[in-house]
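Notes follow once the structure below has been shown.
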There are 2 protein chains.
Amino acid sequence: MNTETVRVAVDMAVFTVRDNRLWILMIRRGRRPYEGMLALPGGFLEPGEDLDQAAYRELTEETGVLPSHMHLEQFRSYGSPGRDPRGRVVAVAYFALIPSPPKTEAGGDAAEVEWTPVDDLLRADADIAFDHRRILADAAEQVRAKLEYTTVATRFCGETFTISQLRQVYEAVWDRSLDPANFYRKVTKIAGFVVPTGQTTSIGGGRPAGLYRAGDAQTLEPPMYRPR
Amino acid sequence: MNTETVRVAVDMAVFTVRDNRLWILMIRRGRRPYEGMLALPGGFLEPGEDLDQAAYRELTEETGVLPSHMHLEQFRSYGSPGRDPRGRVVAVAYFALIPSPPKTEAGGDAAEVEWTPVDDLLRADADIAFDHRRILADAAEQVRAKLEYTTVATRFCGETFTISQLRQVYEAVWDRSLDPANFYRKVTKIAGFVVPTGQTTSIGGGRPAGLYRAGDAQTLEPPMYRPR
């Protein structure tokens, strides 16, 4: 049997919402290969580590982001021959959702840590290392689809949030405008999506808005579809 | 950097529907480790191969199943230390859906190829090699959930099928009885799920039933939920 020796890496697409856009955490590589280019944070599996452990470790090492309150999910592995000039590397890719960009600190292979709007990276001729352009495009589509079928949008919000803030998350991730009244009606009808806290807030001196927290449901029944 | 050398395997959960139940293709191992125990078909990645290529190759080698008309989808990677006594192995797991059990032929690591009802494997104290009990449980749940949100149920049917045959697929995979009239109404209302061929069939001499083929849609809008 002709068995090949491979190294296994974990790569992380860490997303947040800011200024009505979806942002992703990239590092600027401080080492060869692809020195100076943007890449997803990640690195090789270490002895005795499970894949999820490696993902949490690399995220902390390279970015300083702490795993608490983060939604981390494995979504696909990539193994084309030639995807890494250093030899055969299979990448197990994860995406993570975090409420707001925390203070980050570069370490490991990362010279700099940068939050960048996803659309800018996918549209422009940005220099992206390895096959990370494809991985980040797949990850972004995963997140857009997850917002249709699951309750993960609340992971982009703080502990409590208004329905209007939740709508802004949907608008940013999908890059679509949504009708506020229609959004409010749908969201509050889905069992276990959001739960009223009984408190209100009045941002900007407007009419007081109800504050909600995430409910227990994992899936949205019915789903919330992206406008076509 | 303490980088570990790993071997990468692909493991396949191949499902079909027969006798109103969901069946999975297992091999009985002809070699150590776990000689004589049931395992998912699979094997190590070879030089120059992509992950998907390895999955198709192993499936053909170990089972004789041809990849045409098969729905093959990567769903998760497994990398716990100690999951393989031969050393560090990361498994990239796939599931495949096929219309009816074709003639299979054991080869490679497989002494015998066996179609087995999924529930029997998960319920009984079946001797299952490696962490394949968990992988097959995850794969079966993936398939059950895919039937809620996507059109893949048609992959279990032949080229043409009656709505009643499609319902029997849902009943087998979900292990639930479904109301025929309600199922018919839902299925025929979802755009692009099934398309009438204009032909009819009369199985068992009953009233002629319309024959359908799979439509172009990938997702079910709205979804078809499992009865709770």
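The values are calculated or read from the model by the stated rules, or taken from the named source; none is laboratory data. Small disclaimer: the values here were computed from a predicted structure and weren't measured. Because the Cβ atoms are built from the backbone with ideal geometry, glycine has one as well, and the counts that use them run over all protein chains shown.
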*Pairs where the first residue, in the range A:49-68, is in the same structural domain as A:T16 (by TED's automatic domain parsing) and of a type in the set (A, V, I, L, M, F, W, C) and the second is outside any helix (DSSP H, G or I) and at pLDDT below 75, C-beta under 8 Å, 6+ apart*: A:L59/A:V65; A:L59/A:P67; A:V65/A:P102; A:V65/A:T104; A:L66/A:P102
*Looking at B:D131, B:D138, B:D175, which is the one that is of a type in the set (D, E, K, R), touching a residue at least 12 places away in the same chain (Cβ under 8 Å) and closer than 26 Å to A:A145 by Cα?*
B:D138
*Would you check which residues across the range A:25-44 are surrounded by fewer than 24 Cβ atoms within 10 Å (Cβ to Cβ) and within 29 Å of B:G82 (Cβ to Cβ) and list them?*
A:G43, A:F44
*Among (1) of a type in the set (G, A, S); (2) touching a Leu at 6+ places or on another chain (Cβ under 7 Å); (3) closer than 25 Å to A:L220 by Cα, the one test that B:A126 misses*: (3)
*asked:* Scan the range B:10-27 and tell me whether some residue there is in contact with a helix residue (DSSP H, G or I) (Cβ under 9 Å, 6 or more places away or on another chain), within 14 Å of another protein chain (Cβ to nearest Cβ) and outside any strand (DSSP E or B).
replied: no
*Say whether the condition of being at pLDDT 90 or above and within 27 Å of A:T154 (Cβ to Cβ) is met by at least one residue in the range A:65-73.*
yes
*asked:* Out of everything in the range B:28-44 that is in contact (Cβ under 8 Å) with a residue 40 or more places away in the chain and charged (D, E, K, R), what residue ends up being farthest from the other protein chains (Cβ to nearest Cβ)?
replied: B:R28
*Here are some conditions: (1) crowded, with 17+ Cβ neighbours inside 10 Å; (2) over 13 Å from the mean Cα position of the chain (by Cα); (3) modelled with pLDDT of 90 or more; (4) within 14 Å of chain B (Cβ to nearest Cβ). A:P47 meets all but one. Which one does it not meet?*
(1)
*In the range A:56-76, is there at least one residue being closer than 15 Å to A:R133 by Cα, facing chain B (nearest Cβ under 9 Å) and touching a helix residue (DSSP H, G or I) at 6+ places or on another chain (Cβ under 8 Å)?*
yes
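Residue by residue, here is whether (1) under 22 Å from A:G42 (Cα atoms); (2) of a type in the set (A, V, I, L, M); (3) surrounded by 19 or more Cβ atoms within 10 Å (Cβ to Cβ); (4) touching a strand residue (DSSP E or B) at 6+ places or on another chain (Cβ under 9 Å) holds:
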residue: A:V113; (1), (2), (3), (4): yes, yes, yes, yes
residue: A:T116; (1), (2), (3), (4): yes, no, no, yes
residue: A:T151; (1), (2), (3), (4): no, no, yes, yes
residue: A:R155; (1), (2), (3), (4): yes, no, yes, yes
residue: A:V173; (1), (2), (3), (4): no, yes, yes, yes
residue: A:L178; (1), (2), (3), (4): no, yes, no, no
residue: A:V194; (1), (2), (3), (4): no, yes, yes, yes
residue: A:T197; (1), (2), (3), (4): no, no, no, yes
*Would you check which residues across the range A:199-224 are within 14 Å of another protein chain (Cβ to nearest Cβ) and either surrounded by 14 or more Cβ atoms within 10 Å (Cβ to Cβ) or free of Cβ contacts under 8 Å to residues at least 60 places away in the same chain (or both) and list them?*
A:A217, A:T219, A:L220, A:E221, A:P222, A:P223, A:M224
_So for the range A:154-162 (the condition being closer than 29 Å to A:A93 by Cβ and more than 20 Å from the chain's Cα centre (by Cα)), does at least one residue qualify?_
no
*Can you spot a residue in the range B:157-171 that is in a loop (DSSP other than H, G, I, E, B), more than 30 Å from B:R32 (Cα to Cα), of a type in the set (K, R) and not assigned by TED's automatic domain parsing to the domain that holds B:S77?*
no
*Please enumerate the residues belonging to the range A:50-69 that are surrounded by fewer than 17 Cβ atoms within 10 Å (Cβ to Cβ) and not in a helix (DSSP H, G or I).*
A:D50, A:G64, A:L66, A:P67, A:S68, A:H69
_Condition broken by A:F130, with the remaining ones in (1) within 14 Å of another protein chain (Cβ to nearest Cβ); (2) assigned to a loop (DSSP other than H, G, I, E, B) satisfied_ = (1)
*Per-region count, the range A:123-146, residues aliphatic (A, V, I, L, M) and modelled with pLDDT under 90*: 2
